[in-house]
Structures are given as C-alpha cells and as structure tokens.
Amino acid sequence: MTDNTHDSDPLGGNVLSIALICPSEQRRRTIVSALNNSHAAIVREYSSYPPTLKEMPRMLGEKSFDTVIIDLESDVEYALELVEFVASTTSTTVMVYTSRLDPNVMVRSMRAGAREFLSDPIDPNALSDALMRAGSRRTGGKGGAAKKTGGKLLVFLGGKGGSGVTTVACNFAVALVQECQQSAVLIDLDLPLGDAALSLGLTTQFSTADALQNADRIDTNFFSKLLTKHNSGLPVLAAPGRFPHVQATNDAIEKMLNVARQDFSYVVIDAGSRFDLTDAGWFEQADTAYLVMQAGIPELRNSHRLISEFFKAGTPKLEIVLNRYVKSSMGVDEEHIEKALTKPISWKIPSDYFNVRRMQNEAVPLALDDSSIARVLQDMARAACGMPPKPEKRKGFSLFK
C-alpha cells in the first residue's frame, strides 16, 4: 500500500479521497500521474486485490473513501466482483480502469455498480468530469458540503399522440449507455400508462407511482431499488401497469428527479404528450427538451403551440426531432416545417417500418442495430454527451491507402 497524499487542499475542501486498487505498477503510475495532474485527489494506492471479498473492508481500513478505482486488467472477473461488492455495501463512487474498450466489459461494469469507466489513454477532461460527478455524489465533504445535483436532465415529449416519443426516448437512452460510457437512467413520465417498459421488453416490479407516492422520503438508496435494468445496462423506472392511485404533482416529480440526478450522469424522461408543463419547475430545469413530431398538419399546429408556450425564454434548450422522415413523400417540406415552427429541425429519423415493428414485437432496441435509424439515434446520444458523430463506415476495400 502507498499513501500518496498531498499536504494541502488546493480546492479549498473539495479534494476527493481515492483508493486505487491496481496490481500493475506501470498502470498505477499512469493513473496516479493523471490524478495528481487534476489537483483534485488524495490517492492511496493498493498494489494487489484483496485475497477474498470479505477482506476488502479490512484492506481499505476504517477510512471512508469518496471514490474507489479498480483496475480490471489483472483479473477482470474477480475485479468485477470487487466492483459489485463495494458498490452494494457502501455509498462510495466506484470507477473502473481498463485498456480495453470492450462494450461487453463496460456493460458488465455498470451492471456491477461502476459509476465511471476510465480507459487508456486517460483523457484529462473526461477524468476531471468523472471526479466532479463523484464529488457531487458524496453526502458531505470537508466542511459538511451538501450533495449536489449534477446529472443532465433530457426530456422527450411529442406534439401529438403516436409521434413515436417512447420509441425515440428508449432508444436514445440505450444509445447513451452504449455510446457515451456514462451512467444514464430512463424514467417513464408518460402517465398514467406509459409503454417504455413494454418497448424494452421489461417486466417490472415497481414504477414511477411508487417513487412519487414516497417523494417525501425518497433518497438514492430507495430510488435504486425501484429500477429495473435492461440487458443493455440501462436502468429503467417504468410507468405503472395500471391506473395509479397517486397524484403526480410537480413537486413530487422534482424531488424524484433531483435524487436521480445525484446518481446518474444523464436522466432521460419519456414525457409522452404531456401538456401540463405550466409551472413545472422540473421541466424548466431540463438541459435539453426533444420535441418529437411527424410531418403532419395536426402535429405542426400542436408543436407550434408547445414551442410558443414553453420555449419562449430559451430554456430548456429545444431540439426538434422529425420522426419517420421520408424526404420524397412528405406532404410538407422541411422549409415549410421550420417556418411553421419558427425553429430549425435538429434531427431527422428515417422511416423504417420493418425495424420499428421488429423492435415492438421482439423488444430489441433499434439503437443496438447497424441501421440508418440506429446511426441517427447514436449521433443524438453522442451529441448530448459532447462527442462527435460516429465516423461513416467505409464501403468496399482498396489495396491502396
């Protein structure tokens, strides 16, 4: 064990205490150097995994670390067991460190409870963001600092029933997990009877109604128990399967979302075709609202009304998503749509009846396919994470470069 602490606190009390468990000396040097350069961490190094899971608390000692970073390279299976043990028995933020950008390992890490995924070469900006999120999750730092609300709130709503809001929101959330290597949660607020769980093929025990009914006592531990994890690694809070006997007040919704944003980098809301957004503080706090619509006169009219009513102040940021887009057969062209809405179209999701029907029948997310719809959804998720679009696949091959 090496105690690599600093003598002073350059962030005025916001320095994180970090336990780094990494059997490889070379890899320890790499990540310790990156952490030291961040000026935001006090690091204690451990040069081996504990011999058994039960030895983990004894190895870490009585100190309560803000973050535990576990290297996966020496023994990925045992390391993931350690991740799950720490995540399930403490409130510590667990990060994993690996040189392999393996989507399967990333998904398994998140299922085990890892909050952040660090890979070689370490991106200083990504590391800084991960440390900031870890700092926001701790219940109190030096001086009793309060836990912050950190995760981005992304709301999907439709100009009319049948616009495809749930399909787009579900697949966008799956793409966030797959593409951005960040934690995300999908919350179905299309009350009383949303279809997000059905779209993803999930059978759920708890629902949004359980969270709203217990808004006064909800915390991150309680909230986590209400979630059902999709096999993509996406946790979902489903809408109730029957009419709920609970009033979904804006105050209750805001309390629930504040808790969700403490533990997840991205909170995706399927708001369906909600028009009760007046005085909804939670909606005004959203980072981005995605207005999903199709090219039809009724939807243009409704969407224009929504834009005029709820987006006059410029917050939240509005992105218009034109769903089931077919350029050659639209009754209204893009220029007239943008003129009617007074806003540009941000995203065009192509019409693909076969794949959408397959998702509905087989509950296989479109975002996991290699299709034109999947690429748009993946690029939407990457843009939300501040990442560039996926590079186009090169067609054919050449003997010359």
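Nothing in this text is a laboratory measurement; each read-out follows from the coordinates by a stated rule. No experiment lies behind these values; they were computed from the predicted model shown. Note: ideal-geometry Cβ built from the backbone for every residue, glycine included; neighbour counts use all protein chains shown.
Could you give me D for the range 165-301, from Stokes-Einstein at 25 °C and 0.890 mPa s, where the hydrodynamic radius is the Kirkwood radius over C-alpha pairs? Units µm² s⁻¹, please.
Value of D from the Cα-based Kirkwood radius: 161 µm²/s.
Using only alpha carbon pairs under 8 Å that are at least six residues apart, calculate the relative contact order of the chain and give it in whole percent. Working shown, then result.
Details: 734 pairs, mean separation 58.1, N = 401.
Reported as a whole number, the value is 14 percent.
Taking the Cα-to-Cβ direction at Phe275 and at Leu193 and moving 7 Å from each Cα, how far apart do the two end points lie in nm?
Roughly 2.0 nm, to one decimal.
Which log10 I(q)/I(0) values does the range 152-384 give at q = 0.11, 0.15 Å⁻¹ under the Debye formula, counting every alpha carbon as one identical point scatterer?
Normalising to I(0) and taking log10 leaves -0.51, -0.98.
Multiply the residue separation of Lys229 and Arg242 by 0.36 nm, subtract the distance between their alpha-carbon atoms, and state the gained length in nm to one decimal.
Values: separation 13, 0.36 × 13 = 4.68 nm, distance 2.06 nm.
Gain on stretching Lys229 to Arg242: 2.6 nm.
How much net charge surrounds Ala271 when only other residues with a Cβ under 11 Å from its Cβ are counted (Lys, Arg +1; Asp, Glu -1)?
Working: positive: Arg274; negative: Asp188, Asp190, Asp270, Asp276.
The answer is -3.
Looking at the chain only, what percent of DSSP beta bridges run antiparallel? Nearest 5 please.
Numbers: 5 of 51 bridges.
Around 10 percent of the beta bridges assigned by DSSP in the chain are antiparallel ones.
Please compute the volume of the convex hull spanned by the alpha-carbon atoms of the chain and report it per residue in Å³.
Working: hull volume 70.8 nm³, N = 401.
Residue-normalised Cα hull volume stands at 177 Å³.
Considering only C-alpha atoms, what is the centroid distance from the range 274-323 to the range 63-133, in Å?
So the two Cα centres are separated by 37 Å.
For helix 124-137, report the angle its Cα long axis makes with the longest principal axis of the Cα atoms of the chain; keep it between 0 and 90° and round to the nearest 10°.
Around 90 degrees separate the two axes.
Kindly put Ile31, Ile70 in sequence by how many other C-beta atoms sit within 10 Å of each C-beta, fewest to most. The partial results should precede the final answer.
Numbers: Ile31 23, Ile70 26.
Ordered by Cβ neighbours within 10 Å, fewest first: Ile31, Ile70.
Just from its helices, what would the mean residue ellipticity at 222 nm be for the chain, if runs of 4 or more DSSP H residues each count -39500 (n - 2.57) and the sum is divided by every residue, rounded to the nearest 500 deg cm²/dmol?
On the way: 15 runs with 152 residues, N = 401.
That calculation yields -11000 deg cm²/dmol at 222 nm.
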